[in-house]
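Undergrad: Let me give you the structure first, and then I'll get to my questions.
We did not get these values from a lab; they are worked out from the coordinates using the rules stated. This one's a predicted model, so the numbers in the text were calculated from it and none came from an experiment. Every residue, glycine as well, gets a Cβ built from its backbone with ideal geometry; the counts of neighbours run over all protein chains shown.
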Amino acid sequence: MQPFGNTITDTEVRNLFAAAHGWEARYRELIKLAKQLPALDDADKIEANAIHGCESQAWLVSEQNTNGLWQLHCDSDARIVKGLMAVVLAALNNKTAAHIQAFDMEAYFAELQLLSHLSPSRGNGLRAVVAAIKQSCQ
């Protein structure tokens with residue numbers, strides 16, 4: 001499975017969102033990112049990989065490679081959630097546990113102007129994705 005983080009970085013996401021004027025343009029970018037995020041195999045969409053706290057169904061599979069970098073794979077049955085996962089993975093995938101734990105997600109989301117346009121439950125779901133990643137990479 002090709003790690004998503006090898007194809008797009010948080011810097012590229014920042015540039016995409018900086019060029020997207022208005023929420024509708026950012027929403028379109030999220031949908032495009034969702035389409036780039038590889039789907040998990042059905043065999044990985046099990047309770048043990050479920051991310052709890054999302055309204056939608058969401059899953060996380062993580063593994064540490066021989067270099068100590070975490071390979072993160074997420075999927076969701078909702079396009080917008082999958083796009084939000086892509087934004088998170090761009091920042092955290094293929095990084096060390098120390099980098100993942102130290103990365104300031106709230107500042108990243110603020111810079112991208114995401115949270116102010118999400119419903120409270122969707123914002124909580126996004127934070128649940130981040131929490132699940134940080135927990136799995138301890």
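Undergrad: Quick one: Thr11, Thr66, Thr96, fewest Cβ neighbours within 10 Å first, how do they rank?
TA: Thr66, Thr11, Thr96
Undergrad: Assuming 0.36 nm per residue, please report the length gained on full extension of the stretch Gln64 to Ser116 beyond their Cα-Cα distance.
TA: Stretched out fully, the Gln64 to Ser116 stretch lengthens by 15.4 nm.
Undergrad: Please arrange Phe17, Phe109 by counting, for each residue, the other beta carbons lying within 10 Å of its beta carbon, fewest first.
TA: Phe17, Phe109
Undergrad: Note the count of lysine pairs whose C-alpha atoms are less than 21 angstrom apart in segment 4-136, limited to pairs 8 or more residues apart or on different chains.
TA: So the count works out to 8.
Undergrad: Take Glu106 and Asn15, extend 7 Å from each Cα along the Cα→Cβ direction, and tell me the distance between the two endpoints in nm.
TA: Spacing of the two 7 Å Cα→Cβ label points: 2.9 nm.
Undergrad: For segment 67-138, what does the relative contact order come out to in percent, with C-alpha contacts under 8 Å and a separation of six or more?
TA: 37 percent
Undergrad: Would you list the membrane-span-like helices of the chain, meaning whole DSSP H runs whose alpha-carbon atoms span at least 15 Å along their axis and whose mean Kyte-Doolittle value is at least 1.6?
TA: Once both thresholds are applied, what remains is 79-92.
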